[in-house]
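**Student:** Quick one: the structure is below, questions incoming.
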Amino acid sequence: MSGKLALAFVLALLLAPAARAADPPPAAAPAAKIEVVDPYVRLMPPGAPNTAAFMELRNPTDAEIRLVAAENGYSKRTELHTHTMEGGVMKMRQVPFIAVPARGSVKLAPGGLHIMMLEVPRPLAEGEVVALTLRFDDGSSAVVKAPARRPVAR
Ligand SMILES: [Cu+2]
């Protein structure tokens, strides 16, 4: 290794942690095969402690792929959730993964599956963009930009 190269290497090592502090973790994993359609974060009134992200996940491959984690630089904690009926009451429940069937798709939507964003520090402004890192069980990941907006029925 030449002196210049060695210096560049050391600099890269020194700079890497600083870059990581402000931004969501970079996608070091291979690009996801899952296609993410229309991601958004639910706009919440001031004082609301939590919100959620919604989107459609499409799987063009011949094998099921599972969403196993989601991270973002906005909420303190992020979980994968679904809604279930318990004694006539709709309740949210954490799930270990969200499966996207082979050659199929799954919709994360209000009243169903969602990415729960817990302990938000402040309300988002309408149109403000949250970067979400989605991690899949095939080792791939995707960074999607989800603007804050009111959910619309579709
Ligand atoms: Cu939830």
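**Student:** Take the alpha-carbon positions of segment 108-153, form their convex hull, and give its projected area averaged over all directions (one quarter of the hull surface) in nm².
**Tutor:** With the hull built on Cα positions only, its mean projection is 4.3 nm².
**Student:** As an exercise, identify the chymotrypsin sites (Phe, Trp or Tyr not before Pro) in segment 39-130 lying in DSSP coil whose Cβ has no more than 15 other Cβ atoms within 10 Å.
**Tutor:** 97
**Student:** Taking the Cα centroid of segment 123-146 and of segment 76-102, what is the distance between the two, rounded to the nearest whole Å?
**Tutor:** So the separation of the two Cα centres works out to 18 Å.
Read the figures in this text as sums done on the coordinates, not as results from a lab. Since this is a predicted model, take the numbers as computed values, not measurements. When we count neighbours, we look across all protein chains shown, and the Cβ atoms used for this are built from the backbone with ideal geometry, even at glycine.
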